[in-house]
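Novice: What follows is a structure written as structure tokens; I'll ask about it next.
The numbers here are math on the coordinates, done by the rules we state, and not lab data. Only a predicted model underlies this, so the values are computations on that prediction, with no experimental measurement involved. Quick reminder, even Gly has a Cβ in these numbers, built from the backbone with ideal geometry, and neighbours come from all protein chains shown.
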Amino acid sequence: MRKLFKGMMLLFALTLLLAACSNESGDNEGKGGSGGGGDADKTEISFWHAMSGDNGDALQAIVDKFNEQSDSVHVEAIYQGSYDDSLTKLRAVGDSAEAPAIVQVFEIGTKYMSEGGFITPMQEFIDKDDFDVSVLEENILNYYSIDDKLYSMPFNTSNAVMFYNKDMFKDAGLDPENPPSSFSEMIEAAEKLSDGNRQYGFTMATIGWFFEQLMANSGALYLDHDNGRSGDAAEALVNSKEGLAIFEWLNEMNKAETFTNYGSSWDDPRGPFFAGQVAMYFDSTANTAEVIKNSPHEVGTAFLPAADGVDPQGVIVGGASLWITNQVPEEEQDAAWEFVKFMTGAEVQAEWAASTGYFPITPAAYDEEVLKDVYEEYPQFTTAVKQLENTTPSMATSGPLTEIMPEARKIIETALGEMYEGRDPQEALDEAAEKITNALK
């Protein structure tokens, strides 16, 4: 009976495990729940978020749990659309009384938020409360820290991984337990996995976030001034030898027709992978559950590949963090801090990771049974965790910091698309670098 109960619980966990990832993984469609009710004896605060569908439901469950256990604070969670939509709305009311107490903002909004003038840096609450940040994952904190000050609290965190079809690997005579780890190995495997008739070895959605990840894995800077972290970035470095190696690698497979460009939407390569039309592709770890659920074949997960001769440096964190605004009374800011602390707890982080596919910001969460059970049943989830743990902290893996990152991503996506249509990789990348540099001015 206990075995049956455990199996039912794991099945329930998998049902909840519908992935997201930030804009970076397309978890912005649909709506999440919003809290209602309230308590006259509690401080009421609003929380704007961008979690939708099952992820929105999982977030609302956490908010409800906080409200039930708190004697002094009641949080109303309000879905605001995609990350882009939510930030646009915040820009309109950020410096007014209409601003929420807490807002979830995707990682590339960090520069804008930290300099917008309408937030209270998280570091102030940390210092006042003597909160021990050493209980949080260092590589995640690195991204959200500016001049050794934490401006927001990481919450939903992901990174990019490679998904591959183990059945197709077996059929092609490849070892399904030993996926390629370098650009040349990817080229060789993709050739064996392609059939010249609409079956491709590899694909990658034309999304700028993946280029950033591959640059970081090469230990290369995207922007000058230490990726914009030791001073305001003034020049794009995307056309470095490392950036060119990435473009040329993709171009070689595209010309060999072992790679195909399905499009620039997160969902574009997913359907072909589920259908067995492509053997390997990049996605956010926050989409792991959806891949497992929708694939009729055995799914493997692997670290991102690195250029030949390069020691992999790791990845940049994706996802979003929580910000406290200074447009609400101090009492509400303090109430928001109580909620933020709750969200960092090991039990909450374990439940969130088990229900969504994001990974915890609190290492102690890995010891919680709910997460241990899911990871044991579905080891594909652990790849992103190991990849983060193996990441070397540096300015490259901390990621680029600039307000124009959304625009920069679009520029890189355009350059990739033009290259797939026949443009020289160096020319495409040089023009992209020039455009990003101009946008920085």
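Novice: Among the lysines, which have Cα under 22 Å from the Cα of Lys410 when same-chain residues fewer than 8 positions away are ignored?
Specialist: Reachable lysines: Lys89, Lys111, Lys241, Lys435, Lys441.
Novice: Another question, then. Once the Cα gyration tensor of the range 49-131 is found, what semi-axes does its equivalent ellipsoid get, as square roots of 5 times the eigenvalues, in whole Å, sorted largest first?
Specialist: Listed largest to smallest, the semi-axes of the range 49-131 are 21, 19, 12 Å.
Novice: At q = 0.12, 0.13, 0.28 Å⁻¹, what base-10 log of I(q)/I(0) does the Debye formula yield for the range 159-233 when every alpha carbon is treated as an equal point scatterer in vacuo?
Specialist: The Debye formula, applied to the Cα set alone, gives -0.46, -0.52, -1.34.
Novice: In nanometres, what is the gap between the two model label sites at Asp232 and Glu389, each 7 Å from Cα along Cα-to-Cβ?
Specialist: The two pseudo-label positions are separated by 4.2 nm.
Novice: Step through the residues of the range 249-256 one at a time and calculate ³J(HN,Hα) from phi using the Karplus curve (6.51 cos²θ - 1.76 cosθ + 1.60, θ = phi - 60°), rounding each to whole Hz and writing x for Gly and Pro.
Specialist: Coupling constants for the range 249-256: 4, 5, 5, 4, 5, 5, 5, 7 Hz.
Novice: Right, another one. Taking θ = phi - 60°, what integer Hz values does the Karplus form 6.51 cos²θ - 1.76 cosθ + 1.60 yield along the range 128-137, in sequence order, with x for Gly and Pro?
Specialist: For the range 128-137, the Karplus curve yields 5, 9, 6, 6, 8, 6, 5, 7, 9, 5 Hz.
Novice: Subtract the Cα-Cα distance of Ala97 and Lys149 from 0.36 nm times their separation in residues, and report this length gain in nm to one decimal.
Specialist: Going from the current span to full extension adds 16.1 nm.
Novice: Assuming a viscosity of 1.567 mPa s and a temperature of 4 °C, what translational diffusion coefficient in µm² per second does Stokes-Einstein assign to the range 192-237, Rh being the Kirkwood radius over Cα pairs?
Specialist: For the chosen part, D equals 100 µm²/s.
Novice: May I ask you to derive the relative contact order of the chain, considering only C-alpha pairs under 8 Å and at least 6 residues apart, and to give it as an integer percent?
Specialist: Contact order relative to length: 26 percent.
Novice: Okay, next question. Output the peptides 297-306, 107-116, 262-271, 172-181 sorted from most to least packed, where packing is the average of other Cβ atoms within 10 Å over each peptide's residues.
Specialist: Answer by packing, highest mean first, reads 107-116, 297-306, 262-271, 172-181.
Novice: Which value, in Å³ per residue, describes the convex hull spanned by the Cα atoms of the range 128-195?
Specialist: It comes to 148 Å³ per residue, whole-number rounded.
Novice: Further, regarding this structure: Given Cα pairs under 8 Å that are at least 6 residues apart, what percent is the relative contact order of the range 46-134? Write out the running numbers ahead of the final one.
Specialist: Working: 74 pairs, mean separation 28.9, N = 89.
After rounding, I find 33 percent.
Novice: Okay, moving on. Return the long-range amide H neighbours of Asp283 (sequence gap of 5 or more, or a different chain), with a cut-off of under 5 Å between placed amide H atoms.
Specialist: Distant-sequence amide H within range of Asp283: Val161, Phe163.
Novice: Let me ask another. Treat each spin label as a single point 7 Å out from the Cα along the C-beta direction, and report the Glu257 to Glu44 distance in nm.
Specialist: Spacing of the two 7 Å Cα→Cβ label points: 6.4 nm.
Novice: Something else about it: Need the C-alpha centroid separation for the range 50-64 versus the range 324-362, integer Å.
Specialist: 13
Novice: Checking the cross-link filter: which lysines have an alpha carbon closer than 17 Å to that of Lys386, excluding same-chain neighbours under 8 positions apart?
Specialist: Lys372
Novice: Between Ser265 and Glu418, what length in nm is gained on full extension when 0.36 nm per residue of separation is reduced by their alpha carbon distance?
Specialist: Between Ser265 and Glu418, full extension yields an extra 53.4 nm.
Novice: I would also like to ask the following. Which value results when the Cα radius of gyration for the range 73-121 is divided by 2.2 N^0.38 Å? Before the final figure, lay out the partial values.
Specialist: On the way: Rg = 10.7 Å, N = 49, 2.2 N^0.38 = 9.7 Å.
So the Cα radius of gyration is 1.11 times the expected 2.2 N^0.38 Å.
Novice: For the range 43-57, what does the Karplus curve 6.51 cos²θ - 1.76 cosθ + 1.60, with θ = phi - 60°, yield as ³J(HN,Hα) per residue in whole Hz, taken in order and with x for Gly and Pro?
Specialist: 6, 8, 9, 9, 10, 8, 9, 10, 8, 10, x, 5, 5, x, 5
Novice: Treating the Cα atoms of the range 366-409 as identical point scatterers in vacuum, please give the log10 of the normalised Debye intensity I(q)/I(0) at q = 0.20 Å⁻¹, two decimals.
Specialist: Log-scaled intensity ratios, in q order: -0.75.
Novice: If packing is taken as the mean number of other Cβ atoms within 10 Å per residue, what is the order of 400-410, 141-151, 189-199, highest first?
Specialist: Order by mean packing, descending: 400-410, 141-151, 189-199.
Novice: Over the range 84-187, what relative contact order in percent results from Cα pairs under 8 Å that are six or more residues apart?
Specialist: 17
Novice: Here's something else I'd like to know. Scaled to the compact-protein estimate 2.2 N^0.38 Å, what is the alpha-carbon radius of gyration of the range 326-430, rounded to two decimal places?
Specialist: Dividing the Cα radius of gyration by 2.2 N^0.38 Å gives 1.57.
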